[in-house]
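Just so you know, all these numbers are worked out from the coordinates, no wet-lab data involved. What you see is a predicted model, and the numbers here were worked out from it, not measured in a lab. Because the Cβ atoms are built from the backbone with ideal geometry, glycine has one as well, and the counts that use them run over all protein chains shown.
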Amino acid sequence: MILAFLGPPGSGKGTQAKLLAEKLKVPHICLGDMLREEVKLGTAIGRRAKELMEAGRLVPDELTIELVRGRISREDCRSGFIVDGFPRSEVQAEAFDQMLKELNLELSAVIYFRISEEQALKRLLLRAKLEGRADDNEATIRTRFEVYEKQTQPLIERYLKVGKLIEIDAAGTIEEVFQNLWEALS
Ligand code: B4P
């Protein structure tokens, strides 16, 4: 099964992708984590991504496309994977279609995590307290929501049109949302 997780910051897509990937025993490809790792290692990609991430903006499409292409070409992705936080723009969605085609793979579904901005904001501010992530402060979170609305939200329509979108209510507890996700998939 090949799944892409889509939703605003704080919708819990990363949290749920991790749980589902463990249950299905498939790789969990988290773009945010991959980029943070590049920043930590100080690679060329990381150096280009750092400031943009800290400002809550998307990093350039070509960087994320390169990362995803490299990762899903590996052998462990042949029988399925979950990609979380990609695609996040029309350009990325086009590139994703293209790379799946080249690898002879088919997208099973895109899971859209629906949640209100206020609830997502609360979760992210709590994470700021617990983990101190550089982009989890109120001003940056507001920018991340704006970027999401402009660049990522239009993808909902794109996947709806091709019959690949599954929408789930992401407002409950982690366990409740996982239950919604599991039921939607089965
Ligand atoms: P991400 O790391 O993907 O950040 P995010 O959208 O905020 O989602 P995240 O996965 O962290 O949060 P989640 O909702 O699971 O991206 C960070 C940055 O990287 C982006 O701003 C951008 O700069 C860059 N980037 C990433 N992908 C890119 C791409 N494709 N193109 C360009 N740039 C890209 O969880 C949030 C919090 O809520 C957690 O603390 C969690 O514990 C908690 N939570 C989850 N579910 C909950 C629940 N049900 N109840 C209560 N709390 C819950």
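Brief remarks follow.
- Ratio of Rg to Rh for the range 109-176: 1.03 [Cα atoms; Kirkwood radius as inverse mean 1/r over pairs].
- Label sites at LEU105 and GLU22, each approximated as a point 7 angstrom past Cα along Cα to Cβ, lie 2.3 nm apart.
- Calculated diffusion of the range 70-186, Stokes-Einstein form, Kirkwood radius summed over Cα pairs, 25 °C and 0.890 mPa s, µm²/s: 152 µm²/s
- Residue among LEU185, ALA139, LEU155 farthest towards the positive dipole end of the range 87-186, charges placed on Cβ: ALA139
- CD proxy at 222 nm, helix term only [per DSSP H run n ≥ 4: -39500 (n - 2.57); per residue of the chain; nearest 500]: -17000 deg cm²/dmol
- In a fully extended conformation the segment linking GLU118 and ARG74 would gain 12.0 nm over its present Cα-Cα distance, using 0.36 nm per residue.
- Dipole magnitude of the range 88-130 about its Cα centre (Cβ charges: Lys, Arg +1; Asp, Glu -1), debye to nearest 20: 500 debye
- Positive-end extreme of charge dipole, the chain - chosen from VAL110, PRO8, GLY70 (charges on Cβ): GLY70
- Cα-centre dipole for the range 102-186 with unit charges at Cβ (Lys and Arg positive, Asp and Glu negative), debye to 20: 200 debye
- For the options VAL68, VAL91, VAL147, a Gaussian network treatment of the chain with springs between C-alpha atoms closer than 10 Å singles out VAL91 as fluctuating the most.
- Within the range 1-129, the proportion of Cα pairs with more than 24 Å between them is 29 percent.
- The GLU51 and ASN137 beta-carbon pair, evaluated with R₀ = 22 Å, returns a calculated FRET efficiency of approximately 0.90.
- Point-charge dipole on Cβ atoms (K/R +1, D/E -1) for the chain, about Cα centre, debye to 20: 280 debye
- Over 32 Å between alpha carbons, listed pairs LYS129/LYS161; LYS23/LYS122; LYS13/LYS101; LYS40/LYS164; LYS101/LYS129; LYS18/LYS50: LYS129/LYS161; LYS40/LYS164; LYS101/LYS129
- Kirkwood radius, the range 13-62, all distinct C-alpha pairs, inverse of mean reciprocal distance: 11.9 Å.
- One decimal place: the segment GLU66-GLN179 gains 37.4 nm when fully extended, by the rule 0.36 nm per residue minus the C-alpha distance.
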